[in-house]
Each structure stands twice: as C-alpha cells, then as structure tokens.
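I have placed the structure first, in the form of structure tokens, so that the comments after it can refer back to it.
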Amino acid sequence: MRKIGIFSVFFLCFFAAEMLNSAKIQEDLRENLLRLHITANSDSDYDQKIKLCVRDGLISAGSYDIETLSERANEILDTQNTGYSAKVCLQNRYVPQKIYKNIALPEGDYTCIDVILGDGAGENWWCIAYPPLCFTEAVTGEMSDYAKNELKKRLSEESLKTVLKNGKITYKFKIVEEFQKLMRLLN
C-alpha cells in the first residue's frame, strides 16, 4: 500500500511539473509569435488559387497592420473579380498543433491575424508572421537557418526545442493533454 502512495505522489508531482512546463512554453510562444492565417472562400481550385494570390500580396506588402492588410486583400479580390470580400482581424484564439518538415507548433492559444476570404469555408494557409518567417517556410515547410536564428532571439531554449523538430520523438501523456483541454474550457 505504501508503494502505491509513493507512486501516486511521484505521479502527481511529475504531472504538475509537466503542466507548468507546458504552460510556460505556451505563454512564451503566445507572447513572441504572431501567426497569419488566410482562409479560402471554399475548397474549389479557383478559391484555393485566390487564397494563394492573397497570400503572396499580403506577404509582399511588408506590413502586418490590420487596415493595410484588409485594403490589400480586398484590392486583390477586386482585381481577380471574385465577387466576395476579405475580413481581417487580430485575435487570440486556439489553434491545433501544426507540423511541417522541421517546424512544429504545439496546439494552444496564439495571437493571430485572421484573413477570411468570402465565406471562409475553405482550407487555410498559415505562417509565422512575426518574427517574419513567411517567405521560405511558406513554400517548403522547412525552417531556414535565418528563421531559426530569429526564433532563437525571441524564444526560450525550451520553447525553441518545442518548435524545431530534430527527428526526435516527443513523448506525450494523454492525461496531461486532456487536463489541458479541460483547463482551457474552464478559463
């Protein structure tokens, strides 16, 4: 019986430490990254091409000012004669985990610039807008050395390890993930 008690205390301490570490990493990412999400009007080939035109136009704008992005996105949609408009807003919102080649962003709450094209019923495209990593990562899904150095300047070592995949397996506990989801619902 005593072994069960010791195991339970050990498990609870481990669980609490894991929760604190995960919360610290999420806070670091939320405070130091700005995500850009562009959601297409629909999943049609046409609307997906329009989404990419808007993406290219917004990235080349060189500004992440909401009004500037809104004007630019709507100019592109008008030029393409889509018949719909773009809504642009800045918000904190939950985003599921995203993994590409050597980039992995954990699920959690992030500050996002959301660009919704028309009905916003299609697939989205995203990148890390700040620090500005949208250029090379947009095409390859692989983080350049420049991008890694930019992240190193802004993120803690633990957060950086979370974002940069090095082919290492990360072990997760389902109970920890479920508890985190419960905590998000309660907040």
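Tally time: how many residues in the stretch 26-48 are more than 12 Å from Leu117 (Cα to Cα) and either in contact with a Phe, Trp or Tyr (Cβ under 8 Å, 6 or more places away or on another chain) or free of Cβ contacts under 8 Å to residues at least 40 places away in the same chain (or both)?
Taking the stretch 26-48 as the starting set, the residues that turn out to be more than 12 Å from Leu117 (Cα to Cα) are 26-36, 44-46.
So of that shortlist, the ones also either in contact with a Phe, Trp or Tyr (Cβ under 8 Å, 6 or more places away or on another chain) or free of Cβ contacts under 8 Å to residues at least 40 places away in the same chain (or both) come out as 27, 29-31, 33-36, 45-46.
Here the count works out to 10.
Mind listing whichever residues of the stretch 99-126 are within 18 Å of the chain's Cα centre (by Cα), assigned to a strand (DSSP E or B) and within 21 Å of Tyr46 (Cα to Cα)? Even if it seems obvious, please write down each step before you answer.
Of the residues in the stretch 99-126, the ones within 18 Å of the chain's Cα centre (by Cα) are 99-116, 120, 122-126.
With the extra rule that they be assigned to a strand (DSSP E or B), the set shrinks to 99-100, 103-105, 108-116, 124-126.
Scanning the stretch 99-126 gives Asp114, Val115, Ile116, Asn124, Trp125, Trp126.
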Hey, any hits in the stretch 79-98 for a residue that's modelled with pLDDT under 95, over 24 Å from Lys153 (Cα atoms), among the β-branched types (Val, Ile, Thr) and in a helix (DSSP H, G or I)? no
Meets criteria (surrounded by fewer than 17 Cβ atoms within 10 Å (Cβ to Cβ) and in a helix (DSSP H, G or I)) for Gln48: yes
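The values are calculated or read from the model by the stated rules, or taken from the named source; none is laboratory data. Model, not experiment: these values are computed from the prediction. Glycine gets a Cβ as well: all are built from the backbone with ideal geometry, and neighbour counts include every protein chain shown.
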